[in-house]
Amino acid sequence: MTEFRVDAIVIGAGVVGLAIARRMALFGLETLVIEKEKTFGTATSSRNSGVIHAALYYPTGSLKHRLCLLGKDLLYRYCESRGIPTDRCGKIVVATSLQQSTKLMALYAKAQENGVEGLRWLSQDEMTEMEPEVLYHTAFLSPDSGILDTFAYLSSLEGEVRDAGGMIAYNTCVRSIVSTGNELHVLADDGAAIAVAAPVVINAAGHGAIGIATRTQGLASAFVPRQSYAKGNYFSLVGRQPFKHLIYPIPEAAGLGIHATLDFQGRCRFGPDVEWVEDDEDFTVDHRRAKRFYEAIRSYWPDLPDNALQPDFAGIRPKIHVEHEAMPDFRVSDASEHGVPGLINLFGIESPGLTSSLALADHVVSLAGFFDEGR
């Protein structure tokens with residue numbers, strides 16, 4: 001079997017993997033993307049709310065905070081320059097009781113500490129004008145939050161990878177990675193064995209990242225986190241559409257609560273909830289979960305009609321923590337942590353991974369030593 005060589009290998013053609021590959025290819029590096037599915041973005045990247053976040057929620061100074069705040073501006077500018085649809089429709093975060101209002105005030109203070117601009121508390125008159133059907137005790141507006149056409153964004157990233165000379169191998173599974181000190185050797189399979197070597201390998205495989213890490217010779221098990229999955233189910237609204245903004249309740253453990261998001265036709269979808277699962281390939285939505293959705297949604301939209309929700313789709317978050325544990329930061333693990341030269345593993349890249357993708361790409365490529373972050 002003949003082995004060929006490239007400057008860099010990226011494993012995973014989700015939004016983060018493609019953003020990283022694009023950045024390296026534009027920098028002039030011969031870049032190969034390896035993806036086990038037949039096309040890009042089939043898992044986490046295409047099965048989420050499609051929201052551009054403003055960095056309200058994350059611990060100050062964390063990667064999630066810094067990369068979301070920077071990534072939001074990069075993403076809006078990128079989409080505008082390439083004609084990718086976005087809508088800076090704004091997010092209204094609501095508390096429905098005095099007890100929740102205390103939590104909302106803490107969230108507002110956290111967002112201010114994180115440097116989120118434009119936040120403001122909404123008066124009763126403003127809420128009546130903006131979202132007259134929302135029941136609330138207190139509420140604030142995040143005007144920079146919005147939505148984007150995720151498929152168009154993924155398509156653009158893939159096109160730029162190819163236009164810059166990058167290669168993408170779909171339907172190809174990574175079997176193992178072996179370090180020889182100055183080079184990493186990847187054995188893959190697309191029906192036949194493929195061997196490719198590079199000084200840099202970026203494991204951005206999402207759900208598959210931990211499995212690939214366990215098949216990396218020379219990587220100690222202490223540097224491979226445990227794998228957990230949290231399914232997020234969505235239900236769409238049938239009939240009259242009530243909202244013009246994203247409506248978010250107080251965040252809950254492992255997620256941001258069952259919120260209302262919009263598409264570019266103004267249609268409303270609710271979700272995701274949090275359902276801890278073992279199977280990361282079951283994307284069916286159990287219609288019986290609608291009961292919990294009705295209860296949660298009616299806490300801030302009491303006029304939700306009976307029989308107005310229908311199962312829509314589900315996504316599964318690649319978690320590196322388990323139920324009842326605090327939600328960790330993005331984990332970007334390079335040789336300074338694990339000791340394997342040229343290998344960078346990305347673990348737990350869930351929300352706000354979509355918003356952070358361009359900033360995360362710069363961060364990872366900087367760690368790989370190709371250029372200074374922020375250039």
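The values are calculated or read from the model by the stated rules, or taken from the named source; none is laboratory data. Keep in mind that what you see is a predicted model, and the values were worked out from it rather than measured. Every residue, glycine among them, receives a Cβ derived from its backbone with ideal geometry; neighbour counts consider all protein chains shown.
The table below lists the values:
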read-out	value
Contacts under 6 angstrom Cβ, first residue in the stretch 60-72 being in a helix (DSSP H, G or I), partner among the hydroxyl-bearing types (Ser, Thr, Tyr), 6 or more apart	LYS64/TYR58; HIS65/TYR58; LEU67/SER356; CYS68/THR355; CYS68/SER356; GLY71/THR355; GLY71/SER356; LYS72/THR355
Residue match in the stretch 289-299 (condition: assigned by TED's automatic domain parsing to the domain that holds GLU183, closer than 24 Å to ARG47 by Cα and not charged (D, E, K, R))	no
Selection count, the stretch 313-341, where residues are of a type in the set (Gly, Ala, Ser) and either under 16 Å from the mean Cα position of the chain (by Cα) or crowded, with 22+ Cβ neighbours inside 10 Å (or both)	2
Verdict on CYS79 being modelled with pLDDT of 95 or more and touching a His at 6+ places or on another chain (Cβ under 6 Å)	no
Count of residues meeting criterion [out of contact with any Leu (no Cβ under 6 Å at 6 or more places or on another chain), part of a strand (DSSP E or B) and under 21 Å from GLY41 (Cα atoms)] in the stretch 201-219	2
Among (1) within 17 Å of the chain's Cα centre (by Cα); (2) surrounded by fewer than 23 Cβ atoms within 10 Å (Cβ to Cβ), the one test that LYS231 misses	(2)
Only one of GLN112, GLN99 that is at pLDDT below 95, assigned by TED's automatic domain parsing to the domain that holds GLU126 and either more than 30 Å from GLY266 (Cβ to Cβ) or assigned to a loop (DSSP other than H, G, I, E, B) (or both)	GLN99
